[in-house]
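Worksheet: the structure to be examined is printed underneath.
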Amino acid sequence: MTDPSSQAAKPAADAPAGEGTAGRKAAPARPSLANPNTAPVLTKLAPPFSVRTAQFFWIISFFVGGFAVVYFFIIRKEQLPLIVEAVRAVDPARNEQTYTTAADIVYWSVFSVIVGVLLVQITLLVSFMARRPHMRWWQLLTWVVQVVTLAIALDLAFTGERAEPLRLILAAQSGLVLLALLSSVMPKALAWSARKHDVVRHQKAGVAVGE
């Protein structure tokens, strides 16, 4: 004869094991090891398209300006007699040595301005890419000097057939500089310069979010 107490305990023993854990709460999620509120980190992000376009036009203008300098130096001997004639037309009462000296002064003055403006523009571009303040105004000033020099030298130093390509080259350089200046005043380029530094606020899934 079986014990009633053992029969009552048997169904409880045969109950599925999962029923005992069904009422338990799920384990809490493991906390993230990454802190979303990390301190800002300085970084270097790629500049916007308008800034890269301005940089491209500046660099092309440097090559064009460098070619103009070399070409102007090559045609020096052909240009000096023409400059003498231009100076003689202003004051025909001087002796020949005065005209020769004046022609040398005119030639080397124009040559120095072209070279000096080119070197200054290279320096200003480096400062512009470093986001130094007020660089656009200085770059605009160099463009004004280029245009004024070209206008004044057309009838003095850039006369004759050999100087005709030089006039076109310098005009192309001035046009490229103007395009660079226009690209640098686009809204995104202005915001890029005003931001001064690129700051990464946090990183998520290996991707940096910058400002």
Discussion item. Against the condition touching an Asp or Glu at 6+ places or on another chain (Cβ under 6 Å) and either in contact (Cβ under 8 Å) with a residue 40 or more places away in the chain or loosely packed, with under 15 Cβ neighbours inside 10 Å (or both), how does R94 come out, does it pass?
Written reply: no
Item to complete: Scan (1) over 21 Å from A171 (Cα atoms); (2) touching a residue at least 40 places away in the same chain (Cβ under 8 Å); (3) surrounded by 16 or more Cβ atoms within 10 Å (Cβ to Cβ) for the single condition A102 breaks and write down its number.
Response: (2)
Discussion item. Test of understanding: among R132, R167, which residue is at pLDDT below 95, assigned to a helix (DSSP H, G or I) and charged (D, E, K, R)?
Written reply: R167
Worksheet, complete the sentence: Of the conditions (1) within 30 Å of S50 (Cβ to Cβ); (2) surrounded by 12 or more Cβ atoms within 10 Å (Cβ to Cβ), the single one that V126 does not satisfy is (2)
Worksheet item: Does the stretch 146-164 hold any residues that are buried (at least 16 other Cβ atoms within 10 Å of the Cβ) and under 28 Å from the mean Cα position of the chain (by Cα), and which are they?
Response: Q146, T149, L150
Item to complete: Among the residues of the stretch 115-128, count how many are under 13 Å from W143 (Cβ atoms) and β-branched (V, I, T).
Response: 2
Worksheet item: Can you find a residue in the stretch 115-138 that is touching a residue at least 24 places away in the same chain (Cβ under 8 Å) and among the basic types (K, R)?
Response: yes
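Only one of these is assigned to a helix (DSSP H, G or I), at pLDDT below 90 and not aliphatic (A, V, I, L, M): W192, W143. Name it.
Just one listed residue meets the conditions, W192.
The values are calculated or read from the model by the stated rules, or taken from the named source; none is laboratory data. It should be emphasised that the depicted structure is a prediction, and the values quoted were computed from it without experimental measurement. Quick reminder, even Gly has a Cβ in these numbers, built from the backbone with ideal geometry, and neighbours come from all protein chains shown.
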